[in-house]
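Okay, structure first, notes after.
The values are calculated or read from the model by the stated rules, or taken from the named source; none is laboratory data. Every value quoted in this text rests on a predicted model; they were computed, and no experiment measured them. Note: ideal-geometry Cβ built from the backbone for every residue, glycine included; neighbour counts use all protein chains shown. What goes into the accessible areas is simple: the full protein's heavy atoms, side chains included, and nothing from ligands, DNA or RNA. Shrake-Rupley method; radii C 1.70, N 1.55, O 1.52, S 1.80 Å.
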Amino acid sequence: MARLGLQQGLRQRQDMVLAPRMLQAIEVLALARADLDGWLAEQAEGNEALLVEDAGPPERDHGPSRSRAAAQRATDDHHALLEAQPGRTRSLDDLVEEQLATREVERDVAEWVRFLVGCLDDGGLLAATDDELLELAESAGVPFAGARAGCTLLARAIAELQQLEPQGIGARTSVEALLLQLDPTDPDYALLCRLLEEFLVELARNRRPAVAATLGLELDELERLLDVLGQLETRPAAHLTGAAAPVVIPDVVALPEDDGTITVELSRGALPRVRIDPTAEDLLREKAIDSEARAYLREKVEKARWVTGAVEMRGATLLRVAESALTRQRRFMAEGQAGLRPLSMTEVAEELGLAVSTISRTVAGKSVQTPWGIVPLRRFFQTAASGSDGPGNGSGEGAATDAARERVRRLVEGEDPSAPLSDDAIASALADEGLRVARRTVAKYRGELGIPTSYRRRRHA
């Protein structure tokens, strides 16, 4: 007979419940600089007890591990970086307007030229058909757009536009843009035109001996002509953005010291200065204010403390993670990309006693100023190159993916142009350096670097 009974036991279960403050700190940690600025502006707008100010020189002591001289050097380097940022570039509209003011152009034709500038693509090409342009012109109210004279004005305006700087704007195709940049008085003008109009397919297939034979040229003479074409622009207006180039503010500055150590500092300007309004704190200590006002003010001050704490934690965590990663990637500081070694977020997480997810949030959208330029912090976390099971350059460390890709680039740069290295030959050369990479992996890296096959890289003697 089955017996039914009740059993009582004790089972312990551990759940992690994230408090609102912790959730907020995690969100702030993952924010990139631009997003952090926006988030802080929103917080300050809704909280009169919170002050958010432009970043200034750090007020804290740098500690014994980071010298003041290094900190000053980091600040000076950052100022130099900002001063080197390019200013506003003149727009194509501005450039065309300046030229129209100095040329004798009929008023109606000038209006059509201004209209055409607005129809150009980002490279300065006029890809729309004449019918499409006439329809657009009529909608825009360009003079005589709907009349028979509109066709004549369109043709004259295109001809006028194609005479303006930068040379090549207003072309209907990239080949026409190249043709417009040629000098008709050049003795080689006819040959250059033939190369562009008749032989682009053969040249793309690296059939230079056949092209030279057809034109009755020596190979070195053909190479000279191709060098001339190589200086032309297929998108002649691509550099005229009309906007200020974005200013890149690194989150961290890393500097190599003479003794081989690396100094890592939060960049001046990497974090806004966030603090509690002292007036709000003073009012909170006043005994004269009523309980309702005190409760309101206490809530605002408490929320301001949440924000300041989250920003401070973000900066401290970012510095710790950057120091750990850069210390492990010290060869990068001396060699650049080729010096990167495989590094997982798990390694740094275990060293710092943090969760891997915390490391991932910390590096997301952050950048480091190094002797090799500003690079994403995430780049220092590299997987091993495919098939890399040996030491790299005798270091006893495998090569990271970016480092292996950089070695492929350097091998191709140093090859004999008349006998370029095949993918198998590159794989063999890497193996001689202690890095075993499959041929298909070499082909993958070559493609990522935009390097053509050995057949197309071959320079004919």
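The table for this structure:
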item: T441 vs. criteria over 19 Å from A30 (Cα atoms), among the β-branched types (V, I, T), under 23 Å from the mean Cα position of the chain (by Cα) and modelled with pLDDT under 85; result: no
item: Residue, modelled with the highest pLDDT, within the stretch 398-418, restricted to residues that are open to solvent by less than 60 Å² (accessible area, probe 1.4 Å) and more than 28 Å from the chain's Cα centre (by Cα); result: E415
item: Any pair with Cβ under 9 angstrom, 6 or more apart, that starts in the stretch 215-231 at a residue that is in contact (Cβ under 8 Å) with a residue 24 or more places away in the chain and ends at one that is part of a helix (DSSP H, G or I) and among the basic types (K, R); result: L215/R194; L219/R208; E223/R208; L226/R208
item: Cβ pairs under 8 Å, 6+ apart, first in the stretch 432-461 and closer than 17 Å to A403 by Cβ and acidic (D, E), second open to solvent by 40 Å² or more (accessible area, probe 1.4 Å) and part of a helix (DSSP H, G or I); result: E448/R405
item: Residue that is farthest from R457 (Cα to Cα) [pool: residues in the stretch 179-202 that are assigned to a helix (DSSP H, G or I) and open to solvent by less than 30 Å² (accessible area, probe 1.4 Å)]; result: C193
item: Helices (runs of 4 or more DSSP H) enclosed by the stretch 97-169 - at least 1 residues per element that are within 22 Å of Q181 (Cα to Cα); result: 107-117, 149-161
item: Failed item, numbered, when H460 is tested on (1) at pLDDT below 80; (2) over 24 Å from M333 (Cβ atoms); (3) part of a helix (DSSP H, G or I); (4) open to solvent by less than 60 Å² (accessible area, probe 1.4 Å); result: (3)
item: Residues that are free of Cβ contacts under 8 Å to residues at least 12 places away in the same chain, open to solvent by 60 Å² or more (accessible area, probe 1.4 Å) and either assigned to a helix (DSSP H, G or I) or in contact with a helix residue (DSSP H, G or I) (Cβ under 8 Å, 6 or more places away or on another chain) (or both), drawn from the stretch 205-214; result: A213
item: Segments classed as strands (runs of 3 or more DSSP E), wholly inside the stretch 246-325, with at least 3 members that are open to solvent by less than 60 Å² (accessible area, probe 1.4 Å) and either touching a residue at least 12 places away in the same chain (Cβ under 8 Å) or among the charged types (D, E, K, R) (or both); result: 252-256, 262-266
item: Tally of residues being touching an Asp or Glu at 6+ places or on another chain (Cβ under 6 Å) and over 23 Å from A237 (Cβ atoms) across the stretch 97-152; result: 3
